[in-house]
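J.: Dropping the structure in here first, questions after.
The values are calculated or read from the model by the stated rules, or taken from the named source; none is laboratory data. Because the structure is a prediction, the values reported are computed rather than measured. No Cβ is skipped: glycine too gets one built from the backbone with ideal geometry, and neighbour counts run over all protein chains shown. SASA here: full protein model, heavy atoms, side chains in, ligands and nucleic acids out. Shrake-Rupley method; radii C 1.70, N 1.55, O 1.52, S 1.80 Å.
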Amino acid sequence: MKKIVPALLAFVLTALAFNAQAPDPAGCEQKGSLKFEAYRDMDFYIMTLSMNQAKPVTREVIAVKVVFQPSETVVFLLTSENLSKEDADAFLNGASPLARMSSGEIDENGKVKPDSSLVEPFGKYQATFPVSIMKDKKMEVFFLVKREGKLQSQFVSRADITNVYNFGMQSYYSLR
């Protein structure tokens, strides 16, 4: 019995120490997946973006920017309609997006509220095919995240492009 009491006391103290170090929900990581597809159809470039965020949602993603490199062409920008024009322009950093879509919300399942610029719901968009991307080899995705009332740009993923005429990428991300 004398050996059990110290072991039990050590277990309780260890458990309390781990509980004290557990991050609060605002500090934990938010993981999810992002899928982007693009293909050329005659003179048009058809792009589809979808997201799947795990719960709990600890960061509010209010904009998504897809950039092809090395041309630095912003091929797709998805923003919450609550994002001001000034904040959207700052996120673009002087670039003019090929496709710009506004949404009422981007929910945890990646569903996008349709608006008049959509070809089909859930983030499908049609634009004129940009010749500036023909020699691009990489694609990068950035989020504009609202955390504790402040906006911050966060790099999400990078993918190699072997064929800009028919391109698809799916990646997993973690927001901090």
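J.: Quick check on Tyr172: is it farther than 23 Å from Asn93 by Cα and either polar (S, T, N, Q) or at pLDDT below 90 (or both)? So that I can check it myself, show each step before the final result.
T.: Values: farther than 23 Å from Asn93 by Cα: yes; either polar (S, T, N, Q) or at pLDDT below 90 (or both): yes.
Considered against the rule, which asks whether it is farther than 23 Å from Asn93 by Cα and either polar (S, T, N, Q) or at pLDDT below 90 (or both), Tyr172 comes out as yes.
J.: May I pose another question? Suppose we filter the stretch 62-94 for residues that are over 14 Å from Val141 (Cα atoms), open to solvent by less than 70 Å² (accessible area, probe 1.4 Å) and either at pLDDT below 90 or in a helix (DSSP H, G or I) (or both); how many remain?
T.: 6
J.: With respect to Ile4, is the statement that it is modelled with pLDDT under 80 and buried (at least 19 other Cβ atoms within 10 Å of the Cβ) true? Can you show your working first?
T.: Values: modelled with pLDDT under 80: yes; buried (at least 19 other Cβ atoms within 10 Å of the Cβ): no.
No.
J.: Where residues in the stretch 153-171 are in a strand (DSSP E or B) and either small (Gly, Ala, Ser) or loosely packed, with under 12 Cβ neighbours inside 10 Å (or both), which of them is farthest from the chain's Cα centre (by Cα)?
T.: Only one residue fits best here, namely Asn166.
J.: Being in contact with an Asp or Glu (Cβ under 7 Å, 6 or more places away or on another chain), at pLDDT 55 or above and open to solvent by 20 Å² or more (accessible area, probe 1.4 Å) is the requirement here; does Lys137 meet it? Step through it out loud before you land on a result.
T.: Numbers: in contact with an Asp or Glu (Cβ under 7 Å, 6 or more places away or on another chain): yes; at pLDDT 55 or above: yes; open to solvent by 20 Å² or more (accessible area, probe 1.4 Å): yes.
Here the answer is yes, as Lys137 does meet what is asked.
J.: On the basis of being part of a strand (DSSP E or B), on the phi < 0 side of the Ramachandran plot, of a type in the set (Phe, Trp, Tyr) and modelled with pLDDT of 90 or more, does Phe142 make the cut?
T.: Judged against the criteria, Phe142 is a match.
J.: Could you give every pair whose Cβ atoms fall below 6 Å, whose first residue belongs to the stretch 138-161 and is free of Cβ contacts under 8 Å to residues at least 60 places away in the same chain and under 11 Å from Val64 (Cα atoms), and whose second residue is part of a strand (DSSP E or B) and open to solvent by 20 Å² or more (accessible area, probe 1.4 Å), counting only separations of at least 6 or pairs across chains?
T.: Here the result reads Phe155/Phe142, each pair linking the stretch 138-161 to a residue that is part of a strand (DSSP E or B) and open to solvent by 20 Å² or more (accessible area, probe 1.4 Å).
J.: Do we have any residue at all in the stretch 20-36 that's closer than 18 Å to Ala127 by Cα, assigned to a loop (DSSP other than H, G, I, E, B) and at pLDDT below 90? Walk me through how you get there before you give the answer.
T.: In the first step, residues of the stretch 20-36 are kept if they are closer than 18 Å to Ala127 by Cα; the result is 36.
From what's left, assigned to a loop (DSSP other than H, G, I, E, B): none.
For the stretch 20-36, residues closer than 18 Å to Ala127 by Cα, assigned to a loop (DSSP other than H, G, I, E, B) and at pLDDT below 90: absent.
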